[in-house]
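Below is one structure; the comments refer to it alone.
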Amino acid sequence: MDKFMENKWVMRILALLLAVLLYISVSIEQGTFKTTKNTTSQQNSDVITDVPLEMYYDSDNLVVSGAPQTVNVTVEGPKSIVQPTKALRDFKLYVDLRDLGIGKHQVRIKSKGISDKLAARIEPAYINVDIEEKVTKEFKVEAEFNSAILADGFEAEKPTVEPKTVKITGAKNIIDKITYVKATIDVRGEVNQTVTREAQVRVLDRELNKLDVQVDPETVDVTLPVKNPSKTVPLKVSQTGTPPEGVKILGTSMDPKEVTIYGKQDVLDTISEIDLPLDVSKIDKDTTVNVPIKLKDGLNKASADNAKVTVDVQKTEEKTFSNLQVAEQGVGDQYDMEILAPEKGQVDLTVKGPSEIIDQLSADDFKLYVDAAGLAAGDHDLNIQVDNPDKNISWTLSDDNMKIRLKEKANS
């Protein structure tokens, strides 16, 4: 290594490299300085939007209206100052109203904290304000709700508010415009029970425009009492259709016999009973069926969904007895009776009734006759009478009348 370092050519090459590096370093620094210097000297303009406007006034006793909440300011100057000013917004825009009295005024917007190297232009430069006396007054809060939030069949009573009153502060002429102080309960989904919600207090004028005032407290608790009116009514079976041939519906019974229904009161007032439609066209024996209890619009539930309806059935049978002789009675001794119709004084008798009764009947169980008592000579139409052996059966005759002729006997 010592020999290497003592070589004069090595030392010359190292010296040349150091000289080149030094030259390059100086050139880069000079170029950067020139660039920075040129950049710094550039002028720039930019708009800073929505800058809050501060107001200085006696806020304990006065109210100011008419001033915008924000304004825009255009700044112009070196870019190195414009950009940080826009980004940091470390300045204020304000109006000083402390020396002004009650009334309308035009005032100039001032700035504080903007660099002296920047030119600032505020838009608008002047604003019109109205300075008024501050008034605080107590108002009763009226609660309201949208009836559409109620579940079907439910009703709401008058909502209550806690606290019942609020203090409202504002300009005297604004306070005088207050017509409504409302708190609207906001509930998501259907309501089927009493609810309490926090509601924002809204202050409105006669045309329902919102007024610019301070409310204390800003929110209240609104309670909406919800009820489900009810009524107990009887059930009534209504038969539909025709029973099968040979079947007679003796009666029906229900379990339960009455139900409690729930819904809107005006709908309940129109209901005195609930009809249970029962199709009897396929019932041919004693049976029990579940009949759904259907509710009309405006009702939401019943104490039972179905009623058990028990149906008592009687099977009927029909039997015809042919050529039964119609007897006569009451014919006076002085008369002979001639049967004109039906032929031979015979008719067919058809009986109908419970199978267990009809099966045991015979023609001998019936007596058919006409009563001619008190009749004079001549032709007469008489009703054919039937002695019925059982009140649970019915009958029909092929002819209901018998035509007879009474003649006086020759020896009379």
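The values are calculated or read from the model by the stated rules, or taken from the named source; none is laboratory data. Source: prediction; values computed, not measured. A quick note on method: Cβ atoms are made from the backbone with ideal geometry, for glycine too, and the neighbour counts reach across all protein chains shown. Heads up: the accessible areas ignore ligands, DNA and RNA and are worked out on the full protein's heavy atoms, side chains in. Shrake-Rupley method; radii C 1.70, N 1.55, O 1.52, S 1.80 Å.
Within region 85-109, can you find the residues that are assigned to a loop (DSSP other than H, G, I, E, B), open to solvent by 80 Å² or more (accessible area, probe 1.4 Å) and on the phi < 0 side of the Ramachandran plot? The answer is Asp90, Arg98, Asp99, Ile102. Only one of the listed residues (Val181, Val129) is within 25 Å of Ser65 (Cβ to Cβ), of a type in the set (Val, Ile, Thr) and at pLDDT below 95. That residue is Val129. Restricting region 260-289 to residues that are of a type in the set (S, T, N, Q) and touching a residue at least 24 places away in the same chain (Cβ under 8 Å), the residue that is surrounded by the fewest Cβ atoms within 10 Å (Cβ to Cβ) is Ser272. Restricting region 249-280 to residues that are closer than 27 Å to Ser394 by Cα and in contact with a Pro (Cβ under 8 Å, 6 or more places away or on another chain) leaves a set whose member that is modelled with the lowest pLDDT is Ile249. Just one of the listed residues (Glu190, Glu207, Glu155, Glu142) is out of contact with any strand residue (DSSP E or B) (no Cβ under 9 Å at 6 or more places or on another chain) and either modelled with pLDDT under 90 or not polar (S, T, N, Q) (or both), and it is Glu207. Ala307: within 39 Å of the chain's Cα centre (by Cα) and open to solvent by less than 50 Å² (accessible area, probe 1.4 Å), yes or no? Criteria met by Ala307. Does Lys344 count as among the charged types (D, E, K, R) and assigned to a strand (DSSP E or B)? Considered against the rule, which asks whether it is among the charged types (D, E, K, R) and assigned to a strand (DSSP E or B), Lys344 comes out as no. Within region 52-77, the set of residues being closer than 14 Å to Arg108 by Cα, open to solvent by less than 60 Å² (accessible area, probe 1.4 Å) and of a type in the set (A, V, I, L, M) comprises Leu53, Ala67, Val71, Val73. Taken as a whole, region 122-135 holds at least one residue that is closer than 19 Å to Asp46 by Cβ and surrounded by 13 or more Cβ atoms within 10 Å (Cβ to Cβ). Scanning region 110-121 for residues that are touching a Ser or Thr at 6+ places or on another chain (Cβ under 8 Å) and open to solvent by 80 Å² or more (accessible area, probe 1.4 Å) gives a single hit, Arg121.
Output yes when any residue across region 148-170 is in contact (Cβ under 8 Å) with a residue 24 or more places away in the chain, open to solvent by less than 30 Å² (accessible area, probe 1.4 Å) and among the charged types (D, E, K, R), and no when none is. No, because not a single residue in region 148-170 is in contact (Cβ under 8 Å) with a residue 24 or more places away in the chain, open to solvent by less than 30 Å² (accessible area, probe 1.4 Å) and among the charged types (D, E, K, R).
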